[in-house]
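The structure appears below as structure tokens.
The values are calculated or read from the model by the stated rules, or taken from the named source; none is laboratory data. Keep in mind it's a predicted model, so treat the numbers as computed, not measured. FYI the Cβ positions are ideal-geometry reconstructions off the backbone, even for glycines, and counts take in every protein chain you see. Each accessible area value is taken on the protein alone, full model and side chains, heavy atoms only, with ligands, DNA and RNA left out. Shrake-Rupley method; radii C 1.70, N 1.55, O 1.52, S 1.80 Å.
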Amino acid sequence: MPDLTSDADAQWFLRVLAPSSKRTILDVGANDGTLLSYYPPLSHVRMAVEPALNVTPGEHADHILNGFFP
């Protein structure tokens, strides 16, 4: 799993969180993405941080970072 404190991961996060017309929802410890499923994808950018591999992009999250904060 990637260490989210590394420079490359920080740069990726900043690019994805760049301002847009949609609201960004960030779920840290997303598990299966249940919380993100309540936000419509047309008006929200749904991001998940989850070390497990059971969340897939498009199902409940638009972007997934499979990692953890040490």
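Based on protein heavy atoms only, region 26-70 ends up with 56 Å² per residue of surface accessible to a 1.4 Å probe.
Protection proxy ranking of 28-36, 45-53, by the mean of other Cβ atoms within 10 Å over each peptide's residues and highest first, is 45-53, 28-36.
Counting Lys and Arg as +1 and Asp and Glu as -1 over every other residue whose Cβ lies under 10 Å from the Cβ of ASP27, the net charge comes to 0. Other residues lying with their Cβ under 13 Å from the Cβ of HIS60 contribute a combined charge of -4, Lys and Arg counting +1, Asp and Glu -1.
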